[in-house]
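Colleague: First the structure, then my questions, so here it is.
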Amino acid sequence: MYGDEATVRRILTELGDTWAVVGLSSNQRRAAYGVAAVLQRFGKRVVPVHPKAETVHGEQGYASLADIPFDVDVVDVFVNSDLAGAVADEAVATGAKGVWFQLDVVDEAAYDRTRAAGLEMVMDRCPAIEIPRLSHHGVQKP
């Protein structure tokens, strides 16, 4: 398990409410679209990061993490495992506090590097599944 319950709770409730969602586009059939909507319902600001830099769920998109002109608290990664490590490294470089790799996104070396850099990290889990479970523990419901 990459990220115990305490880490999941810290990322969702303590690190901050600005989440960059890497891989989020306006394609409603992609998992990132629905997960981002759930995060918004629970009070997170969702910043789309995708080469198309589309506006999604009312938020301006950016082509990369480095293009975002404000601080991001958590980077939620919806890219293939072979690309995810570079995104985690970019999250470290841009000053994020946490990284979340979605279900089936696993890169053990990136996990080790990110944790060594002092960031909280969860891998192979979905915040849209986890955040409702915490709703009776202080996370605001809609």
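The values are calculated or read from the model by the stated rules, or taken from the named source; none is laboratory data. A quick note: this is a predicted structure, and the numbers were derived from the prediction, not measured. Note: ideal-geometry Cβ built from the backbone for every residue, glycine included; neighbour counts use all protein chains shown.
Colleague: So is ALA88 part of a helix (DSSP H, G or I), more than 13 Å from TRP19 (Cβ to Cβ) and either in contact with a His (Cβ under 7 Å, 6 or more places away or on another chain) or in contact (Cβ under 8 Å) with a residue 12 or more places away in the chain (or both) or not? I'd like the intermediate steps shown before the answer.
Modeller: Working: part of a helix (DSSP H, G or I): yes; more than 13 Å from TRP19 (Cβ to Cβ): yes; either in contact with a His (Cβ under 7 Å, 6 or more places away or on another chain) or in contact (Cβ under 8 Å) with a residue 12 or more places away in the chain (or both): yes.
Yes; evaluated as a whole, the condition is true for this residue.
Colleague: Would you point out the residue of segment 24-36, among those that are surrounded by fewer than 19 Cβ atoms within 10 Å (Cβ to Cβ), small (Gly, Ala, Ser) and within 20 Å of SER64 (Cα to Cα), that is farthest from the chain's Cα centre (by Cα)?
Modeller: This residue is SER26.
Colleague: Would you mind telling me which numbered condition in (1) at pLDDT below 95; (2) at positive phi; (3) within 15 Å of the chain's Cα centre (by Cα) GLY95 fails?
Modeller: GLY95 satisfies every listed condition except (1).
Colleague: Sort out which residues of segment 39-71 are within 26 Å of ARG9 (Cα to Cα), out of contact with any helix residue (DSSP H, G or I) (no Cβ under 7 Å at 6 or more places or on another chain) and in contact (Cβ under 8 Å) with a residue 24 or more places away in the chain, and write them in order of number.
Modeller: Residues satisfying the conditions are ARG41, GLY43, LYS44, ARG45, VAL47, PRO48, ILE68, PHE70, ASP71.
Colleague: If you take the residues in segment 66-93 that are of a type in the set (Asp, Glu) and closer than 16 Å to VAL47 by Cα, which one is surrounded by the most Cβ atoms within 10 Å (Cβ to Cβ)?
Modeller: Here the answer is ASP76.
Colleague: Name the residues in segment 94-133 that are more than 26 Å from GLN40 (Cβ to Cβ), in a helix (DSSP H, G or I) and of a type outside the set (Asp, Glu), would you?
Modeller: Residues satisfying the conditions are ALA109, ALA110, TYR111, ARG113, ARG115, ALA116.
Colleague: Please enumerate the residues belonging to segment 50-85 that are within 12 Å of the chain's Cα centre (by Cα) and of a type in the set (Asp, Glu).
Modeller: Quick first cut of segment 50-85, residues within 12 Å of the chain's Cα centre (by Cα) only: 65, 72-79, 84.
Scanning segment 50-85 gives ASP73, ASP76.
Colleague: Could you run through segment 48-85 and say how many residues are in a strand (DSSP E or B) and aliphatic (A, V, I, L, M)?
Modeller: Narrowing segment 48-85 to residues in a strand (DSSP E or B): 48-49, 56, 59, 62, 74-77.
Imposing the further condition that a residue be aliphatic (A, V, I, L, M) reduces the set to 49, 56, 74-75, 77.
Selection size over segment 48-85: 5.
Colleague: Is it true that VAL22 is modelled with pLDDT of 95 or more and over 25 Å from GLY118 (Cβ atoms)?
Modeller: Values: modelled with pLDDT of 95 or more: yes; over 25 Å from GLY118 (Cβ atoms): no.
When the stated conditions are applied, VAL22 does not pass them.
Colleague: Let me ask something else about it. Quick one: which residue in VAL56, VAL122, VAL106 is surrounded by 21 or more Cβ atoms within 10 Å (Cβ to Cβ) and either of a type in the set (S, T, N, Q) or within 26 Å of ALA6 (Cα to Cα) (or both)?
Modeller: Values: VAL56 fails: either of a type in the set (S, T, N, Q) or within 26 Å of ALA6 (Cα to Cα) (or both); VAL106 fails: surrounded by 21 or more Cβ atoms within 10 Å (Cβ to Cβ).
Just one listed residue meets the conditions, VAL122.
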